[in-house]
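To start, the structure under review is shown below, and the notes come after it.
The values are calculated or read from the model by the stated rules, or taken from the named source; none is laboratory data. All of these numbers come straight from a predicted model, not from anything done at the bench. A quick note on method: Cβ atoms are made from the backbone with ideal geometry, for glycine too, and the neighbour counts reach across all protein chains shown. We work out accessible area using only protein heavy atoms, side chains counted, and drop any ligands, DNA or RNA first. Shrake-Rupley method; radii C 1.70, N 1.55, O 1.52, S 1.80 Å.
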Amino acid sequence: MINKKMQGLGAKRSVIRELFEYGKIRKAEIGEENVFDFSLGNPSVPAPDCVNENLVKLLNESDPISVHGYTSAQGDANVRQSIIEYVNKTHSVEYSKDCLYMTVGAAAALTCSLTALVNQGEEVIVLAPYFPEYKVFIERCGGVVREVLCDQVTFQPDFDKLEKAINKNTAAIIINSPNNPTGAVISKENVQKLCDMFQNAQERYSKPIYIICDEPYRELVYGDVKVAFVPKFYNNTIVCYSYSKSLSIPGERIGYVLVSPKVDSFLEVYQAICGAGRALGFVCAPSLLQKVLPYCLGKTSDVDVYDTNRKLLLKKLTEYGFTAVKPDGAFYLFLKSPVEDAYEFCERAKQFEIIFVPSDDFGCKGYVRISYCVTTEQIEKSLPAFKKLAESYNLI
Ligand code: PLP
């Protein structure tokens, strides 16, 4: 007998993928330039030169066997040393390379961490709206998703709701700042408040409760916005980091888990993460991609393009009568649907050849996610269509 749950996951495409496929068909019908597809979070700016130049160099100049060989399961020691030196310098900490475990992107960092830390029937809190794959990852390891809606004005955590959600079965909370799909960055004050709340809960229930920080958008912030480094605020912190978005290499699959050295029973937690990676069959993260990282630390793709897009979209859509929270990071705009049903809003938008994603799958109704990781030209060309969409709801 096949596993029906797995079949279900494979058979049903996510709403995002569904809309992306629709966009492809529509582009073939009426021409690429006439469809304004804001469905996917695929970076739209090229990787910085350090990526391709050093990949080529590694291929040409390294030992031809070892460059493609297995690395140790937790990742190449020299690579981890370079990364941790960068982490130490950036966040003024003194960690050892042995708290890093290299992974196949943030998705694998999350599945390894959850598998290591969550037992059958335990709850994992997610702050809604949230990345829909969290539910898949949590349920796969027998955990139960506990959704807690964020404040609907700021999209910061709602602490009253959060306090009520924590209980003796809580194993962990996932926080994602900058957030997909809202672009919200949790303020330093709120990180402190959240950590204090979980510190109290740990004492109340006499057990560790982990804060898992999902950080693929850490470098994608605008203006003088800063993303707090949670291990400095809370000992039982696990960071799931990815280079997918910062270096525009999502298909290459490289990231890491950083286990705070101050985690309770550090060695056991770290070993559980290594064990989870083994049980899930990851073997090691892609060798070539690991080895290019020391040449790219501190570098990012051209984030200015996203900032230009963000400002332009927010200004124009607000002018047309839509409402959205100003995103401080990532490359998503969370727009309030002018009607209760966000699916209806998406269908109406399709009539104007605009494709965006209803918020329901992110655990929060009544909004749409606009991925502005597209060319600025696409945004400029889409504005008359957005205006017509607003007019169709009498917003202007
Ligand atoms: N977490 C969030 C919030 C994301 O938006 C994504 C990808 O879009 C991921 C995790 C997965 O990232 P990766 O490509 O590094 O696996």
- [ ] Could you pull out the residue among Gly275, Gly281 that is open to solvent by 20 Å² or more (accessible area, probe 1.4 Å), of a type in the set (Gly, Ala, Ser) and either outside any helix (DSSP H, G or I) or in contact with a Ser or Thr (Cβ under 7 Å, 6 or more places away or on another chain) (or both)?
- [x] Gly281
Open item on the list: Of the residues Leu314, Leu333, only one is within 30 Å of Ala390 (Cα to Cα), open to solvent by less than 10 Å² (accessible area, probe 1.4 Å) and in the same structural domain as Ala385 (by TED's automatic domain parsing); which?
Closed with: Leu333
Open item on the list: For the range 216-245, give me each residue that is of a type in the set (Phe, Trp, Tyr) and under 18 Å from the mean Cα position of the chain (by Cα).
Closed with: Tyr217, Tyr222, Phe229, Tyr241, Tyr243
Task: Selected residue (only one of Cys195, Cys213 is farther than 23 Å from Ala324 by Cα, surrounded by fewer than 24 Cβ atoms within 10 Å (Cβ to Cβ), within 21 Å of the chain's Cα centre (by Cα) and hydrophobic (A, V, I, L, M, F, W, C)) - done: Cys195
- [ ] Please work out which one of (1) assigned by TED's automatic domain parsing to the domain that holds Pro384; (2) hydroxyl-bearing (Ser, Thr, Tyr); (3) farther than 30 Å from Phe345 by Cβ is the condition Ser62 fails and give its number.
- [x] (1)
- [ ] Among the residues of the range 349-396, write down those that are under 19 Å from Lys326 (Cβ atoms), part of a helix (DSSP H, G or I) and under 29 Å from the mean Cα position of the chain (by Cα).
- [x] Ser359, Phe362, Thr376, Ile379, Leu383, Phe386
- [ ] Take the range 236-252 and flag every residue that is under 22 Å from Leu117 (Cβ atoms) and within 11 Å of the ligand (Cβ to nearest atom).
- [x] Cys240, Tyr241, Ser242
- [ ] Can you run down the residue pairs with Cβ atoms below 8 Å, 6 or more apart or on separate chains, where the first is in the range 223-245 and open to solvent by 30 Å² or more (accessible area, probe 1.4 Å) and the partner is among the aliphatic types (A, V, I, L, M) and in a helix (DSSP H, G or I)?
- [x] Phe233/Val191
TODO: Quick one: count up the residues across the range 317-330 that are open to solvent by less than 20 Å² (accessible area, probe 1.4 Å) and either under 21 Å from Glu219 (Cα atoms) or in the same structural domain as Pro216 (by TED's automatic domain parsing) (or both).
DONE: 3
Open item on the list: in contact with a strand residue (DSSP E or B) (Cβ under 7 Å, 6 or more places away or on another chain) and either in a helix (DSSP H, G or I) or at pLDDT below 95 (or both): is that true of Ser39 in this structure?
Closed with: yes
Open item on the list: Looking only at the range 292-304, how many residues end up being part of a helix (DSSP H, G or I) and either open to solvent by less than 40 Å² (accessible area, probe 1.4 Å) or in contact with a Lys or Arg (Cβ under 6 Å, 6 or more places away or on another chain) (or both)?
Closed with: 2
Task: Residues located in the range 42-67, provided they are open to solvent by less than 30 Å² (accessible area, probe 1.4 Å) and touching a strand residue (DSSP E or B) at 6+ places or on another chain (Cβ under 9 Å) - done: none
Open item on the list: Which of the numbered conditions does Ala385 fail, given that it passes all the others? Conditions: (1) in contact with a Gly (Cβ under 6 Å, 6 or more places away or on another chain); (2) closer than 14 Å to Leu317 by Cα.
Closed with: (1)
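Each row is one residue, and each column tells you yes or no for (1) within 16 Å of Val257 (Cα to Cα); (2) crowded, with 20+ Cβ neighbours inside 10 Å.
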position: Gly69; (1), (2): no, no
position: Arg80; (1), (2): yes, yes
position: Ser96; (1), (2): yes, no
position: Ala106; (1), (2): yes, yes
position: Lys135; (1), (2): no, no
position: Glu147; (1), (2): no, no
position: Asn176; (1), (2): yes, yes
TODO: Answer yes if at least one residue in the range 152-173 is farther than 23 Å from Gly75 by Cβ, within 15 Å of the ligand (Cβ to nearest atom) and β-branched (Val, Ile, Thr), and no otherwise.
DONE: yes
Open item on the list: Pairs needed: first member in the range 107-123, on the phi > 0 side of the Ramachandran plot; second member anywhere, modelled with pLDDT of 95 or more and open to solvent by less than 10 Å² (accessible area, probe 1.4 Å); C-beta distance under 6 Å; at least 6 residues apart or different chains.
Closed with: none
- [ ] For the range 88-106, name all the residues that are in contact with a strand residue (DSSP E or B) (Cβ under 7 Å, 6 or more places away or on another chain) and either among the aromatic types (Phe, Trp, Tyr) or away from the ligand (no atom under 16 Å from the Cβ) (or both).
- [x] Cys99, Tyr101
